[in-house]
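Asker: Here you go, one structure.
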Amino acid sequence: MKIVAFKVEGNGTFSKDVPAFAEAIKASGAEIVLLPGNSRVKRSAAAAAMRAGAEIDTNVVDVEVADGKVLARRWVYRQRIFTTFSRAARPWVIVTDPSLFDELCAKSGAEMGEFAEAADAATRTTVNGVENAGTGGESTIKPDAKLLFVAGAGWTKKQADGALHFDDAAAAITGFLAKSGASLGSSKSLVDMPEAAAAFKFMSHMNQVGQTGATPRHQKGLSTCCHGEEPHVVGWRFVNERRAVNLDANCGWAQGKADVVYVADAFAVMKKVNELLG
Ligand SMILES: Cc1cc2nc3c(=O)[nH]c(=O)nc-3n(C[C@H](O)[C@H](O)[C@H](O)COP(=O)(O)OP(=O)(O)OC[C@H]3O[C@@H](n4cnc5c(N)ncnc54)[C@H](O)[C@@H]3O)c2cc1C
């Protein structure tokens, strides 16, 4: 397995470093590329990896090569969980903690690659157009809206009839957003759920609210089908007037995290609300 390390140091600009890193990754013919995670590399490596058709992981603190397999280790969830993982994609760019770079190069038996600065790279960007973040469609993130409407994973759970209702859920949520002008937030569980992605095209990880998501500042918040667990509620700390709809009378919202909790079926409630909104 070809593992090549580039000891990139000093200063560089995004516009020059991206093509230079991409060229270095491609020209090296490496399956695994190691880079030190200093500010220069962190600024440009992800874009360079994309250009080179590579996948990338950052903040890696350990690399292990055994039996033709490469394992990387890093902390996730704000240093609460230590993960060991691998990727099938090649080239795989691994950006290490800068202080561990030399040690990990030696440990993995990486050969040192030559990195040439791109002297003649274009330094101006031509803007062809602007696309909303997330889906490329109409944005559901509206920081100026009075109301934050949060959808949780309950919208994707089997309901009383034992069936899934993705399309009804999507219609209830988008219908309410269109009629109320509310901004859409989501729990982590919902945006991370691959089976929901097809029906919930109007949301992405950009909508996630919480400890590992956004902390929006809307005046009011309405949570639906979301349990109201602590890491999720952290994202509501600037939302003053809070209401929630949940089937579970013991959900987190009912434990002092919302002003009003409607113990009810959000499918029925939002359908009725949408009807009333006309
Ligand atoms: C370190 C750490 C950081 C985290 N950071 C975040 C973060 O930033 N943001 C985040 O969102 N999460 C975060 N999480 C995850 C969080 O703890 C929860 O797991 C997650 O938010 C739960 O999402 P949920 O409430 O949508 O789903 P679930 O826990 O599955 O809850 C679904 C809810 O829907 C209700 N329900 C189902 N059907 C209906 C219906 N018809 N009508 C009404 N209610 C219904 C159920 O009663 C249930 O309460 C973090 C976790 C950890 C450990």
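No lab work stands behind these numbers, since they all come straight from the coordinates. These numbers come from a predicted model, not from an experiment. Ideal geometry is used to build each Cβ from the backbone, glycine not excepted, and the neighbour counts take in all protein chains shown.
Asker: Once you charge only the Cβ atoms, +1 for Lys and Arg and -1 for Asp and Glu, what is the size of the charge dipole of segment 147-277 about its Cα centre, to the nearest 20 debye?
Answerer: About 380 debye.
Asker: Rounded to the nearest 0.05, what FRET efficiency is calculated for A116 and R87 with R0 set to 30 Å and r the Cβ-Cβ distance?
Answerer: 0.65
Asker: Please figure out what share of the DSSP beta bridges in the chain is antiparallel and state it in percent, rounded to the nearest 5.
Answerer: 25 percent
Asker: How large, in Å, is the chain by the Kirkwood hydrodynamic radius built from its alpha-carbon pairs?
Answerer: Taking the inverse mean of 1/r over all distinct Cα pairs, the chain comes out at 21.5 Å.
Asker: Please report, in whole Å, how far the alpha carbons of segment 3-112 spread along each principal axis, starting with the longest.
Answerer: On the principal axes, segment 3-112 reaches 34, 30, 23 Å in Cα extent.
Asker: Please report Rg (one decimal) and Dmax (integer) in Å for the Cα set of segment 56-162.
Answerer: Using the Cα atoms of segment 56-162, the pair Rg, Dmax is 21.8, 65 Å.
Asker: Per residue of segment 208-225, in order, report the coupling 6.51 cos²θ - 1.76 cosθ + 1.60 (Karplus, θ = phi - 60°) as ³J(HN,Hα) in whole Hz, putting x for Gly and Pro.
Answerer: 5, 10, x, 4, 9, x, 8, 10, x, 10, 6, 5, 10, x, 10, 9, 10, 6
Asker: I've got another one for you. So, in nm, how far is label Y77 from label D259 when the simple model puts each one 7 Å beyond its Cα toward the Cβ?
Answerer: For the pair Y77/D259, the computed spacing is 3.2 nm.
Asker: Rank M1, P19, G37 by how far each Cα sits towards the positive end of the charge dipole of segment 1-61 (+1 on Lys, Arg Cβ; -1 on Asp, Glu Cβ) and give me just the farthest.
Answerer: Result: P19, furthest along the dipole toward the positive end.
Asker: Now for a different question. Would you work out the charge dipole size for segment 3-112 about its Cα centre, treating the Cβ of every Lys and Arg as +1 and the Cβ of every Asp and Glu as -1, and quote it to the nearest 20 debye?
Answerer: The calculation lands at about 420 debye.
Asker: Let me spell out the model: positive unit charges on the Cβ of Lys and Arg, negative unit charges on the Cβ of Asp and Glu, origin at the Cα centre of the chain. What dipole size does that give, in debye rounded to 20?
Answerer: 660 debye
Asker: Hey, another quick one. So, by mean Cβ neighbours within 10 angstrom, what's the order for 182-193, 165-176 with the highest one leading?
Answerer: For the peptides 182-193, 165-176, the packing ranking is 182-193, 165-176.
Asker: Same structure, new question: Determine by what factor the alpha-carbon radius of gyration of segment 151-265 differs from 2.2 N^0.38 Å, reporting the quotient.
Answerer: That ratio works out to 0.99.
Asker: Ordered by residue, what ³J(HN,Hα) values in Hz, to whole numbers, does segment 79-91 give under the Karplus form 6.51 cos²θ - 1.76 cosθ + 1.60, where θ = phi - 60° and Gly and Pro are x?
Answerer: 6, 9, 10, 9, 10, 10, 8, 9, 9, 7, 5, 9, x
Asker: Would you look at the GNM of the chain, springs on alpha carbons closer than 10 Å, and say which of T224, T123, T96 moves the most?
Answerer: Its mean-square fluctuation being the largest, the pick is T123.
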